[in-house]
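A short worksheet on the structure shown next.
The values are calculated or read from the model by the stated rules, or taken from the named source; none is laboratory data. What you are looking at is a predicted structure, and each value in this text was computed from that prediction instead of being measured. Cβ atoms come from the backbone with ideal geometry, glycine included; neighbour counts cover every protein chain shown.
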Amino acid sequence: MIAVPLRLRLGETELSFITTTTVFGTPLDVTLSEIAIESFFPTDAATAAFLRQLHDGAS
């Protein structure tokens with residue numbers, strides 16, 4: 001597994017994430033050879049709080 005840091009700036013707010021990519025399947029299985037999931041996780045409390053607030057506002 002490889003983890004890549006990602007930082008985004010929205011005005012004065014800086015969001016910090018770590019991204020991971022998981023690939024499923026084997027080269028012999030054509031139906032699963034192209035399935036990949038990229039996930040983003042907050043790396044600090046401020047980013048997590050911002051995302052919670054954004055989610056709660058959208059509900």
Original post:
Just for the stretch 42-57: of the residues that are surrounded by fewer than 13 Cβ atoms within 10 Å (Cβ to Cβ) and not aliphatic (A, V, I, L, M), which one is modelled with the lowest pLDDT?
Top reply: Gly57
**OP:** Taking only the stretch 5-22 into account, find how many residues are touching a helix residue (DSSP H, G or I) at 6+ places or on another chain (Cβ under 7 Å) and β-branched (Val, Ile, Thr).
**Re:** 1
